[in-house]
Amino acid sequence: MTILLAILKWIGIILLILLGILLTLVSTVLFVPIRYRLDGAYKGTLMLEAKITWFFHLISASVSYTDELIFSVRAAGYRIFPGKKKTPKEVSPENRADSAYSVPEEMTVNADGRESETAAPEADGDFGYNTAADHTESQNDKNTGNKSPEPQKEKFFEKIQKKISALVAKIRNIFNNIEKIRRVILHYTDIVLREDSKRAIGFTFSQLVKILKHVMPQKMDVYFEIGTGDPASTGQILAIQGMLYPLICDKICIVPDFEEKRAEGSFHIKGRIRIIAVMICGIRIILMKEVRTLIRQLTKKEETRG
């Protein structure tokens with residue numbers, strides 16, 4: 001009995017350890033943020049660099065562009081993509097010797113063991129192009145070419161009738177498609193304008209705004225030197241910056257150049273994304289009864305209207 005209890009005790013300990021490891025992994029994935037960074041500059045040439053890291057750079061992915069696009073993925077400091085390029089295998093001297101003495105495809109071997117080239121097909125008179133059959137066919141073509149074809153009015157009217165009927169069928173299909181589109185629009189308009197649908201759409205929109213605010217960068221430094229060559233248009237750009245100042249604050253700095261035409265600048269953007277925050281908003285949307293009802297109604301086939 002004591003042995004059985006000891007075995008059950010160790011099984012329980014192992015299960016608890018495995019459960020703890022599983023909970024640690026799940027909580028790490030949900031709560032440890034995914035960090036992203038984007039750097040760029042333009043001074044005659046465009047330079048971009050984007051990097052995504054997770055769990056103290058345990059997994060990272062980077063993309064850079066100067067003259068060409070370079071993409072790499074690393075895990076624990078080791079590059080897993082792209083892999084190392086394989087060097088082409090060199091041909092050994094024995095294989096070279098065998099290929100040097102290989103028999104060409106055009107050579108054939110006679111019964112006595114000697115090699116001989118395949119003979120070209122002999123040409124019949126006049127360089128092998130004019131035969132008796134071709135001569136008779138060309139003569140028949142000359143004889144039939146002199147006769148003019150008789151006009152066939154009945155076939156002409158049949159073709160016109162077929163074209164008219166095809167045109168009428170196309171116009172009828174167009175009107176049928178317009179009627180179907182009108183019914184579909186009315187069907188989905190009735191669904192969206194219901195009160196429960198409005199509540200579902202408003203709640204979904206608010207949750208999506210929360211996700212967007214969470215995903216937006218926490219740090220953004222943008223510096224541009226802009227000159228259009230025309231002081232009036234350069235002043236209009238500054239006016240737009242002033243209108244957007246409550247949103248951009250001091251994150252975007254634009255230095256005007258009223259004399260020369262130029263466009264230079266650099267930017268640095270950093271942010272992070274927690275999966276748990278996005279998941280909570282998604283679960284709230286799914287758990288709302290009105291949202292589920294709206295999804296079922298939108299995915300349901302169009303009801304026939306009387």
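A few remarks follow.
- Candidate set: region 193-203, residues that are part of a helix (DSSP H, G or I) and free of Cβ contacts under 8 Å to residues at least 60 places away in the same chain; chosen: the one farthest from the chain's Cα centre (by Cα): E195
- The number of residues in region 43-60 being under 16 Å from I269 (Cα atoms) and surrounded by 15 or more Cβ atoms within 10 Å (Cβ to Cβ) comes to 6.
- Selection status of K219, closer than 25 Å to A277 by Cα, in the same structural domain as I248 (by TED's automatic domain parsing) and free of Cβ contacts under 8 Å to residues at least 60 places away in the same chain: yes
- Checking the stated criteria, I201 turns out to be under 17 Å from L294 (Cβ atoms), touching a helix residue (DSSP H, G or I) at 6+ places or on another chain (Cβ under 8 Å) and among the hydrophobic types (A, V, I, L, M, F, W, C).
- Options V209, V215, V222; residue that is under 30 Å from K270 (Cβ atoms), loosely packed, with under 12 Cβ neighbours inside 10 Å and hydrophobic (A, V, I, L, M, F, W, C): V209
The values are calculated or read from the model by the stated rules, or taken from the named source; none is laboratory data. Since the structure is predicted, the reported quantities are computational estimates derived from the model, not experimental observations. Cβ coordinates were reconstructed from backbone atoms using ideal geometry, including for glycine residues, and neighbour counts include every protein chain displayed.
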